[in-house]
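J.: The following block contains the structure, expressed as C-alpha coordinates.
The values are calculated or read from the model by the stated rules, or taken from the named source; none is laboratory data. Every value quoted in this text rests on a predicted model; they were computed, and no experiment measured them. Glycine gets a Cβ as well: all are built from the backbone with ideal geometry, and neighbour counts include every protein chain shown. To get the accessible areas, we keep the full protein, side chains included, count just its heavy atoms, and leave off ligands, DNA and RNA. Shrake-Rupley method; radii C 1.70, N 1.55, O 1.52, S 1.80 Å.
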Amino acid sequence: LDKAVKNVARHRGVDIIPNKLPLDDQETFALLQRGETKGIFQLESGGMRDLLTKMKPDCFQDIIATSALYRPGPLEGGMVLDYVNVKHGRQPPAKVHPLVDDILEETYGVMVYQEQVMRILNRLGRIELAQSYQCIKAISMKKLPIIAQYREQFIDGAQLNKMSREQAEGLFGLIEKFAGYGFNKSHSTAYGAIAYQTAYLKAHY
(Lines give C-alpha, C1' and ligand atoms only; values in the text may rest on other atoms or scores of the structure.)
Protein backbone atom coordinates (compact mmCIF):
# COMPACT_ATOMS: atom_id res chain seq x y z
CA LEU A 1 0.00 0.00 0.00
CA ASP A 2 2.76 2.39 0.95
CA LYS A 3 4.64 1.77 -2.32
CA ALA A 4 1.45 2.12 -4.36
CA VAL A 5 0.55 5.42 -2.67
CA LYS A 6 4.08 6.76 -3.33
CA ASN A 7 3.91 5.66 -6.99
CA VAL A 8 0.54 7.36 -7.50
CA ALA A 9 1.91 10.57 -5.94
CA ARG A 10 5.03 10.41 -8.14
CA HIS A 11 3.35 9.55 -11.45
CA ARG A 12 -0.12 11.06 -11.09
CA GLY A 13 0.44 13.92 -8.66
CA VAL A 14 -2.39 12.61 -6.44
CA ASP A 15 -1.95 12.25 -2.67
CA ILE A 16 -3.93 9.30 -1.32
CA ILE A 17 -4.58 8.52 2.34
CA PRO A 18 -5.80 4.89 2.35
CA ASN A 19 -7.75 5.23 5.62
CA LYS A 20 -9.73 8.14 4.16
CA LEU A 21 -10.83 6.46 0.91
CA PRO A 22 -14.63 6.48 0.34
CA LEU A 23 -16.09 3.07 1.22
CA ASP A 24 -18.79 3.23 -1.46
CA ASP A 25 -16.66 3.47 -4.62
CA GLN A 26 -18.54 1.85 -7.49
CA GLU A 27 -15.46 1.14 -9.65
CA THR A 28 -13.89 -0.79 -6.75
CA PHE A 29 -17.02 -2.90 -6.26
CA ALA A 30 -17.31 -3.51 -10.03
CA LEU A 31 -13.72 -4.85 -10.02
CA LEU A 32 -14.52 -7.16 -7.07
CA GLN A 33 -17.75 -8.37 -8.70
CA ARG A 34 -15.80 -9.35 -11.83
CA GLY A 35 -13.38 -11.33 -9.65
CA GLU A 36 -10.38 -9.37 -11.00
CA THR A 37 -8.58 -9.60 -7.68
CA LYS A 38 -5.06 -10.81 -8.50
CA GLY A 39 -2.74 -8.82 -6.24
CA ILE A 40 -5.51 -7.78 -3.85
CA PHE A 41 -4.90 -8.60 -0.19
CA GLN A 42 -6.81 -11.72 0.98
CA LEU A 43 -8.97 -11.88 -2.16
CA GLU A 44 -6.72 -13.35 -4.85
CA SER A 45 -7.16 -17.13 -4.55
CA GLY A 46 -9.26 -18.93 -7.16
CA GLY A 47 -11.86 -19.95 -4.59
CA MET A 48 -12.15 -16.41 -3.25
CA ARG A 49 -12.56 -15.01 -6.78
CA ASP A 50 -15.32 -17.55 -7.38
CA LEU A 51 -17.04 -16.45 -4.14
CA LEU A 52 -16.80 -12.77 -5.15
CA THR A 53 -18.36 -13.34 -8.59
CA LYS A 54 -21.24 -15.21 -6.92
CA MET A 55 -21.69 -12.80 -4.03
CA LYS A 56 -21.38 -9.60 -6.14
CA PRO A 57 -20.29 -7.45 -3.16
CA ASP A 58 -21.79 -3.96 -3.28
CA CYS A 59 -21.00 -2.66 0.21
CA PHE A 60 -18.11 -2.77 2.67
CA GLN A 61 -20.05 -5.19 4.94
CA ASP A 62 -19.84 -7.82 2.17
CA ILE A 63 -16.05 -7.49 2.01
CA ILE A 64 -15.85 -7.93 5.80
CA ALA A 65 -17.96 -11.09 5.48
CA THR A 66 -15.76 -12.71 2.80
CA SER A 67 -12.85 -13.28 5.25
CA ALA A 68 -15.15 -14.99 7.73
CA LEU A 69 -17.12 -17.00 5.13
CA TYR A 70 -14.27 -18.27 2.98
CA ARG A 71 -13.10 -21.02 5.32
CA PRO A 72 -13.81 -24.77 5.47
CA GLY A 73 -16.57 -24.66 8.14
CA PRO A 74 -18.87 -22.11 6.46
CA LEU A 75 -18.17 -23.50 2.98
CA GLU A 76 -18.96 -27.09 4.00
CA GLY A 77 -21.95 -26.03 6.11
CA GLY A 78 -23.67 -24.28 3.19
CA MET A 79 -23.57 -20.90 4.98
CA VAL A 80 -21.87 -19.23 2.01
CA LEU A 81 -24.66 -20.29 -0.36
CA ASP A 82 -27.29 -19.13 2.11
CA TYR A 83 -25.61 -15.70 2.40
CA VAL A 84 -25.39 -15.32 -1.39
CA ASN A 85 -28.92 -16.59 -2.10
CA VAL A 86 -30.59 -14.40 0.54
CA LYS A 87 -28.54 -11.36 -0.53
CA HIS A 88 -29.79 -11.76 -4.10
CA GLY A 89 -33.39 -12.53 -3.13
CA ARG A 90 -33.33 -16.16 -4.26
CA GLN A 91 -34.40 -17.43 -0.84
CA PRO A 92 -35.86 -15.78 2.28
CA PRO A 93 -33.66 -15.34 5.36
CA ALA A 94 -34.13 -17.98 8.06
CA LYS A 95 -36.49 -16.78 10.80
CA VAL A 96 -35.58 -18.10 14.25
CA HIS A 97 -36.73 -15.61 16.91
CA PRO A 98 -37.06 -11.78 16.77
CA LEU A 99 -33.95 -11.33 18.97
CA VAL A 100 -31.86 -13.68 16.80
CA ASP A 101 -33.23 -12.33 13.51
CA ASP A 102 -32.26 -8.80 14.54
CA ILE A 103 -28.68 -9.85 15.40
CA LEU A 104 -28.23 -11.76 12.12
CA GLU A 105 -29.89 -9.18 9.86
CA GLU A 106 -26.56 -7.67 8.70
CA THR A 107 -25.45 -11.11 7.41
CA TYR A 108 -28.77 -12.18 5.83
CA GLY A 109 -29.80 -14.53 8.64
CA VAL A 110 -26.48 -16.42 8.63
CA MET A 111 -24.20 -16.75 11.70
CA VAL A 112 -20.91 -15.31 10.44
CA TYR A 113 -19.11 -13.69 13.39
CA GLN A 114 -18.26 -14.69 16.96
CA GLU A 115 -19.66 -11.36 18.14
CA GLN A 116 -23.09 -12.34 16.76
CA VAL A 117 -23.04 -15.61 18.67
CA MET A 118 -22.05 -13.79 21.86
CA ARG A 119 -25.04 -11.47 21.40
CA ILE A 120 -27.40 -14.42 20.84
CA LEU A 121 -26.12 -16.11 24.02
CA ASN A 122 -26.51 -12.78 25.84
CA ARG A 123 -29.84 -11.45 24.57
CA LEU A 124 -31.75 -14.66 23.98
CA GLY A 125 -30.07 -16.93 26.52
CA ARG A 126 -29.63 -14.20 29.17
CA ILE A 127 -25.97 -15.11 29.68
CA GLU A 128 -23.69 -12.17 30.57
CA LEU A 129 -21.51 -11.01 27.66
CA ALA A 130 -18.25 -11.90 29.44
CA GLN A 131 -19.67 -15.37 30.10
CA SER A 132 -20.81 -15.63 26.47
CA TYR A 133 -17.20 -15.28 25.44
CA GLN A 134 -16.18 -17.95 27.96
CA CYS A 135 -18.88 -20.21 26.52
CA ILE A 136 -17.46 -19.86 22.98
CA LYS A 137 -13.95 -20.58 24.31
CA ALA A 138 -15.20 -23.68 26.15
CA ILE A 139 -16.87 -24.95 22.95
CA SER A 140 -13.74 -24.38 20.84
CA MET A 141 -11.66 -26.24 23.47
CA LYS A 142 -14.27 -29.04 23.79
CA LYS A 143 -14.67 -28.63 27.59
CA LEU A 144 -17.82 -30.74 27.80
CA PRO A 145 -18.83 -30.20 31.48
CA ILE A 146 -18.59 -26.40 31.08
CA ILE A 147 -20.52 -26.53 27.78
CA ALA A 148 -23.26 -28.54 29.49
CA GLN A 149 -23.65 -25.81 32.16
CA TYR A 150 -23.93 -23.07 29.55
CA ARG A 151 -26.37 -25.16 27.50
CA GLU A 152 -28.81 -25.38 30.41
CA GLN A 153 -28.37 -21.70 31.24
CA PHE A 154 -29.02 -20.77 27.60
CA ILE A 155 -32.11 -23.00 27.32
CA ASP A 156 -33.55 -21.54 30.53
CA GLY A 157 -32.95 -17.98 29.32
CA ALA A 158 -34.37 -18.67 25.87
CA GLN A 159 -37.53 -20.14 27.42
CA LEU A 160 -37.95 -16.95 29.46
CA ASN A 161 -37.82 -15.15 26.08
CA LYS A 162 -40.70 -17.34 24.83
CA MET A 163 -38.72 -19.87 22.80
CA SER A 164 -39.62 -23.55 23.17
CA ARG A 165 -37.12 -25.86 24.87
CA GLU A 166 -36.83 -27.92 21.67
CA GLN A 167 -36.02 -24.84 19.58
CA ALA A 168 -33.50 -23.59 22.15
CA GLU A 169 -31.74 -26.98 22.19
CA GLY A 170 -31.54 -26.92 18.38
CA LEU A 171 -30.17 -23.38 18.35
CA PHE A 172 -27.53 -24.18 20.98
CA GLY A 173 -26.52 -27.16 18.82
CA LEU A 174 -25.95 -24.75 15.92
CA ILE A 175 -23.93 -22.45 18.18
CA GLU A 176 -21.77 -25.42 19.25
CA LYS A 177 -21.07 -26.23 15.60
CA PHE A 178 -20.34 -22.60 14.72
CA ALA A 179 -18.04 -21.89 17.66
CA GLY A 180 -15.63 -24.53 16.37
CA TYR A 181 -14.74 -22.34 13.38
CA GLY A 182 -16.23 -18.90 14.13
CA PHE A 183 -14.26 -15.82 13.10
CA ASN A 184 -14.42 -12.50 14.93
CA LYS A 185 -15.76 -9.47 13.09
CA SER A 186 -13.07 -7.10 14.37
CA HIS A 187 -10.41 -9.28 12.71
CA SER A 188 -12.43 -9.57 9.47
CA THR A 189 -12.93 -5.79 9.40
CA ALA A 190 -9.19 -5.10 9.68
CA TYR A 191 -8.53 -7.55 6.82
CA GLY A 192 -11.46 -6.13 4.85
CA ALA A 193 -10.14 -2.57 5.14
CA ILE A 194 -6.78 -3.51 3.61
CA ALA A 195 -8.48 -5.63 0.93
CA TYR A 196 -10.71 -2.68 0.00
CA GLN A 197 -7.80 -0.21 -0.08
CA THR A 198 -5.72 -2.44 -2.38
CA ALA A 199 -8.79 -3.04 -4.59
CA TYR A 200 -9.44 0.73 -4.81
CA LEU A 201 -5.85 1.37 -5.92
CA LYS A 202 -6.08 -1.40 -8.53
CA ALA A 203 -9.43 -0.14 -9.83
CA HIS A 204 -8.26 3.46 -10.22
CA TYR A 205 -4.49 3.33 -10.77
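J.: Please state which of the following conditions MET163 fails to meet, knowing it meets all the rest: (1) without any contact (Cβ under 8 Å) to a residue 24 or more places away in the chain; (2) assigned to a loop (DSSP other than H, G, I, E, B); (3) of a type in the set (A, V, I, L, M, F, W, C).
T.: Of the numbered conditions (1) without any contact (Cβ under 8 Å) to a residue 24 or more places away in the chain; (2) assigned to a loop (DSSP other than H, G, I, E, B); (3) of a type in the set (A, V, I, L, M, F, W, C), the odd one out for MET163 is (1).
J.: If you don't mind, another one. When you check TYR196 against the structure, is it closer than 30 Å to ASN19 by Cα, outside any helix (DSSP H, G or I) and of a type in the set (Ser, Thr, Tyr), yes or no? Step through it out loud before you land on a result.
T.: Numbers: closer than 30 Å to ASN19 by Cα: yes; outside any helix (DSSP H, G or I): no; of a type in the set (Ser, Thr, Tyr): yes.
So TYR196 does not fit the description; no.
J.: Report whether or not THR37 is over 21 Å from GLU106 (Cα atoms) and modelled with pLDDT of 95 or more.
T.: Judged against the criteria, THR37 is a match.
J.: Of these, LYS95, LYS87, which one is open to solvent by 40 Å² or more (accessible area, probe 1.4 Å) and either free of Cβ contacts under 8 Å to residues at least 60 places away in the same chain or over 22 Å from GLU166 (Cβ atoms) (or both)?
T.: Values: LYS87 fails: open to solvent by 40 Å² or more (accessible area, probe 1.4 Å).
Among LYS95, LYS87, only LYS95 is open to solvent by 40 Å² or more (accessible area, probe 1.4 Å) and either free of Cβ contacts under 8 Å to residues at least 60 places away in the same chain or over 22 Å from GLU166 (Cβ atoms) (or both).
J.: Give the stretch 65-90 a look and list any residue that's under 19 Å from SER45 (Cα atoms) and aliphatic (A, V, I, L, M), or say none.
T.: Scanning the stretch 65-90 gives ALA65, ALA68, LEU69, LEU75, VAL80, LEU81, VAL84.
J.: Tell me which of these HIS187 doesn't satisfy, since it passes every other one: (1) at pLDDT 95 or above; (2) under 30 Å from ASN7 (Cβ atoms).
T.: Just one mismatch for HIS187, condition (1).
J.: Could you list, ordered by first residue, the pairs with Cβ atoms under 7 Å in which the first is in the stretch 19-43 and β-branched (Val, Ile, Thr) and the second is assigned to a loop (DSSP other than H, G, I, E, B) and buried (at least 18 other Cβ atoms within 10 Å of the Cβ), at least 6 apart or interchain?
T.: Correct list of pairs: THR37/LEU43.
J.: Which residues, taken from the stretch 40-68, are surrounded by 16 or more Cβ atoms within 10 Å (Cβ to Cβ), out of contact with any Phe, Trp or Tyr (no Cβ under 6 Å at 6 or more places or on another chain) and closer than 18 Å to TYR181 by Cβ?
T.: ILE64, ALA65, THR66 - these are the residues of the stretch 40-68 that are surrounded by 16 or more Cβ atoms within 10 Å (Cβ to Cβ), out of contact with any Phe, Trp or Tyr (no Cβ under 6 Å at 6 or more places or on another chain) and closer than 18 Å to TYR181 by Cβ.
J.: To continue, here is another question. Would you be able to tell me the number of residues in the stretch 61-99 that are more than 11 Å from the chain's Cα centre (by Cα) and part of a helix (DSSP H, G or I)?
T.: Count: 12.
Okay, residues lined up against (1) open to solvent by 40 Å² or more (accessible area, probe 1.4 Å); (2) in a helix (DSSP H, G or I); (3) under 24 Å from CYS59 (Cβ atoms); (4) of a type in the set (D, E, K, R):
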{"site": "GLU106", "(1), (2), (3), (4)": "yes, yes, yes, yes"}
{"site": "VAL117", "(1), (2), (3), (4)": "no, yes, yes, no"}
{"site": "ARG126", "(1), (2), (3), (4)": "yes, no, no, yes"}
{"site": "SER132", "(1), (2), (3), (4)": "no, yes, no, no"}
{"site": "ILE139", "(1), (2), (3), (4)": "no, yes, no, no"}
